[in-house]
Amino acid sequence: MYRFLLTPRWWGINVFVVLAIPFCVFMGSWQLGRFEDRVEDHETVTTQQDPSRREAARPLAEMLPVDKATVGKQTTVSGRYADQLLVPERKLDDREGFYVLTLLRTDAGEALPVVRGWLPGDPDTAEVPAPPTGHVTVTGALQAAESVGSNGVSGRSGWPDGQTGAISAATLLNLVPYDVYDAWVTLNEGDSGMRAVPVSAPQGTGLDLKAFQNLGYTAEWFAFVGFVIFMWFRLLRREVELARDAELGLDADDGTESGDAADESRSSTRPDAAEDEPKPQASPSGV
């Protein structure tokens, strides 16, 4: 009854099922892993933003270059404050304001951008506290260089003197006469009464739409596994039923032909149609 499984058609079906199931399981597991990675990254960023759960600060040299593993982590560096710039159009708690950015000339020679805090209103150098003098050691969260469109960075150009739209080495090298690290630090506590700037989560680490898309794709791949198995058993059942009907002589085509033959046989044994017709009777009037 199951000899049909050896036909080329069923060989093709079986090969497809054998290959499709592990492929779907692999893709579903991969999408689930992507979702779990995003959840883990989100928890890591949340932990880094919690002051009570911060890791011990490490020297800046051990944290560079900034990547997904080091962004947001605590670092410490020593040097002397130099040029100071304002970063306008930065919101905090839905209030418009600006960052106070001061370049720290490190002992290694390069300058590290340090965001000392945030102030509300329009940028005004007269209202900005002067940076500490002398040799200082700062500790804060390491951040990746900004780009247009990330963390509220404006694509506007032509800022006034003493202002910059983005915190990145590519931008700052045009404003100061020394080398700048392609990273920056936000202090854990605002300097001179300013509000501390919160740590910005790296892109792709939050529970955003992409994370839930990964979870949706996971469900789709595993649902497809169930669909493939269901369709295989459905086709198998249909073939078994057809094979059983054939063994019992219940093939639909054969039954139709047998019925036609029976009709022809009944027609051949039927009396002549003319004999069945009633004979006309003579009219009483003799006409």
Within the bounds of the stretch 180-188, is there any residue that is at pLDDT below 85, closer than 25 Å to Thr76 by Cβ, under 38 Å from the mean Cα position of the chain (by Cα) and polar (S, T, N, Q)? no
I'd like the full set of residues that are among the charged types (D, E, K, R) and touching a strand residue (DSSP E or B) at 6+ places or on another chain (Cβ under 6 Å), limited to the stretch 89-106. Arg90, Arg95, Arg105
(1) at pLDDT 90 or above; (2) surrounded by fewer than 10 Cβ atoms within 10 Å (Cβ to Cβ): which one isn't true of Ala252, the others all being true? (1)
Checklist (1) touching a Phe, Trp or Tyr at 6+ places or on another chain (Cβ under 9 Å); (2) assigned by TED's automatic domain parsing to the domain that holds Glu220; (3) at pLDDT 85 or above applied to Trp10, failing item: (3)
Got at least one residue in the stretch 119-131 being closer than 30 Å to Lys68 by Cα and under 37 Å from the mean Cα position of the chain (by Cα)? yes
Could you grab me the full set of residues in the stretch 157-182 that are buried (at least 18 other Cβ atoms within 10 Å of the Cβ) and in contact with a strand residue (DSSP E or B) (Cβ under 6 Å, 6 or more places away or on another chain)? Thr164, Ile167, Leu172, Val180, Tyr181
Yes or no: Glu40 loosely packed, with under 14 Cβ neighbours inside 10 Å, of a type outside the set (Val, Ile, Thr) and at pLDDT below 80? yes
When Glu146 is evaluated against the numbered criteria (1) under 27 Å from Arg58 (Cβ atoms); (2) over 26 Å from the mean Cα position of the chain (by Cα); (3) at pLDDT below 90; (4) not aliphatic (A, V, I, L, M), which criterion, by number, is the only one it fails? (2)
Report every pair of residues separated by at least 6 positions or lying on different chains whose Cβ atoms are under 6 Å apart, first residue within the stretch 50-75 and more than 15 Å from Thr186 (Cα to Cα), second outside any helix (DSSP H, G or I) and at pLDDT 85 or above. Glu55/Gln74
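The values are calculated or read from the model by the stated rules, or taken from the named source; none is laboratory data. None of these values were measured; they are calculated from a predicted model. Cβ sites come from the backbone with ideal geometry, for glycine too, and all protein chains shown count toward neighbours.
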